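Contents: one structure, followed by commentary.
Please treat every number below as a calculation from the coordinates, not as lab data. In this text, all values refer to a predicted model and were calculated from it rather than measured experimentally. Here the Cβ is made from the backbone with ideal geometry for all residues, glycine too, and neighbour counts use every protein chain on show.
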Amino acid sequence: MIDFNLVAAPGVTVDCDEQQLIEALAAVLDDAGIERESDDVSVDVRLVDEAESADLNGRFRDKPYATNVLSFPADARLPGFFALGDLVICMPVVEKEAAVQGKTVVAHLLHMVVHGGFHLLGFDHIGDDEAEIMEAAERRVMARLGYADPYAQ
């Protein structure tokens, strides 16, 4: 079971069914081989504005600007329970990126859940080899969800 807690900051809206977000995270867990039948998996997702994203990005990454998604892994695994951590998604950035990339906001939002979910599991894209592995995983999951390659130009 996935304990999925979605919270939108005041003034932040999203036109997406929460179940789609849960399915995106479930697909990430499945792709990574995480057993969901024996563990309750917990993740919190907060949808924020640019000011909050910039504040968090500045405080935790020394990058004082809004970004599409931030991940804060909890890495707490107990028998029967796996706390993945928190995702913070900046909806105005997601909306702008979706427009520039010619995607729907929902498709890009789901990609941010997928991307952030892999970060919560320890994936990264700092080096070329890491990026190749993570992006391949994201492509697999997005295809499984019925969406195009998120990195296609």
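The distance separating the Cα centre of region 1-45 from that of region 80-153 comes to 13 Å.
With contributions of -39500 (n - 2.57) from each DSSP H run of at least four residues, the per-residue ellipticity at 222 nm computed over the chain stands at -15000 deg cm²/dmol. A Förster radius of 25 Å combined with the Cβ-Cβ distance from residue 131 to residue 51 puts the calculated FRET efficiency at roughly 0.30. Listing 14, 45 from fewest to most neighbouring C-beta atoms within 10 Å gives 14, 45.
Between 23, 50, 130, find the one with the highest GNM mean-square fluctuation for the chain; connect C-alpha pairs within less than 10 Å. Maximum among the listed residues: 130.
For the chain, the membrane-span-like helix rule (DSSP H, alpha carbon extent of at least 27 Å along the helix axis, mean Kyte-Doolittle at least -1.0) picks out no helix; this says nothing about an actual membrane.
Plainly put, region 2-144 has a radius of gyration that is 0.95 times its Kirkwood radius, both from alpha-carbon atoms, as the Rg/Rh ratio. Where in region 42-73 is the amide nitrogen less than 16 Å from a point lying 7 Å along the Cα-to-Cβ axis of residue 5? Residues 42-48, 72-73 fall inside that zone.
Residues of region 1-16 with the amide nitrogen closer than 18 Å to a label point 7 Å from the Cα of residue 60, along Cα-to-Cβ, please. Within reach of a label on residue 60, which here means backbone N under 18 Å from a point 7 Å along Cα→Cβ, region 1-16 contributes 4-10.
Considering only beta bridges that DSSP places wholly inside the chain, some 35 percent are antiparallel. Under a 5 Å amide H cut-off, with hydrogens placed 1.01 Å from N, residue 82 pairs with 40, 41, 42 among residues at least 5 apart or on other chains.
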